[in-house]
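For reference, the structure discussed in these notes is given below.
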Amino acid sequence: GFVPGLFGTSHGALQFMAYEDLKERYNKYRNRVSDTKLNTVEYIMMAAVSKIFAVTATYPYQVVRARLQDQHNTYSGVFDVIRRTWR
């Protein structure tokens, strides 16, 4: 599970990237300067949407990692886990 574990660091990066992009697009949509402060509800919405995006993008990796770490099954590698899980 070491190699798939390396992909786990991407979750935070994806969330941060989505959060910043959402804030910028939202301010542009509202015809405001891109670094305008948002109100509390807007911050919460941006955080929630970016978290949902990051979880959706990285959840399949967590399934693969957990299956590789399961000692009750034997897999020949990451692609074997993906193939067997897909089936």
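The values are calculated or read from the model by the stated rules, or taken from the named source; none is laboratory data. Computed from a predicted model, the values in this text were never measured in an experiment. Cβ coordinates were reconstructed from backbone atoms using ideal geometry, including for glycine residues, and neighbour counts include every protein chain displayed. Protein only, heavy atoms only, side chains kept; ligands, DNA and RNA dropped before computing areas. Shrake-Rupley method; radii C 1.70, N 1.55, O 1.52, S 1.80 Å.
Subtract the Cα-Cα distance of Asn31 and Gln62 from 0.36 nm times their separation in residues, and report this length gain in nm to one decimal.
That works out to 7.3 nm of additional length.
Skip the ligands, DNA and RNA, and give the accessible area per residue of segment 1-75 with a 1.4 Å probe, whole Å².
Computed with neighbouring chains in place, this is 75 Å² per residue.
Semi-axes, largest first, in whole Å: what does sqrt of 5 times each Cα gyration tensor eigenvalue give for the chain?
Values for the chain, descending: 38, 10, 10 Å.
Work out, step by step, the length gained on full extension between Ile52 and His72: first 0.36 nm times the residue separation, then minus their alpha carbon distance; give nm to one decimal.
Gain in length upon complete extension: 4.1 nm.
With all protein chains present, how much of the accessible area of the chain (probe radius 1.4 Å) comes from carbon and sulfur, to the nearest whole percent?
After summing per-atom areas, the C and S share lands at 61 percent.
Within segment 1-56, list the trypsin sites (Lys or Arg not before Pro) lying in a DSSP loop whose Cβ has at most 11 other Cβ atoms in a 10 Å radius.
Here the sparse-neighbourhood loop sites are Arg30, Lys37.
Which angle from 0 to 90°, rounded to the nearest 10, does the C-alpha axis of helix 10-29 make with the longest principal axis of the chain?
20
Quick one: net charge around Gly77, please, counting Lys, Arg +1 and Asp, Glu -1 for every other residue with C-beta under 15 Å from its C-beta.
That sum, taken over residues with Cβ under 15 Å, equals +2.
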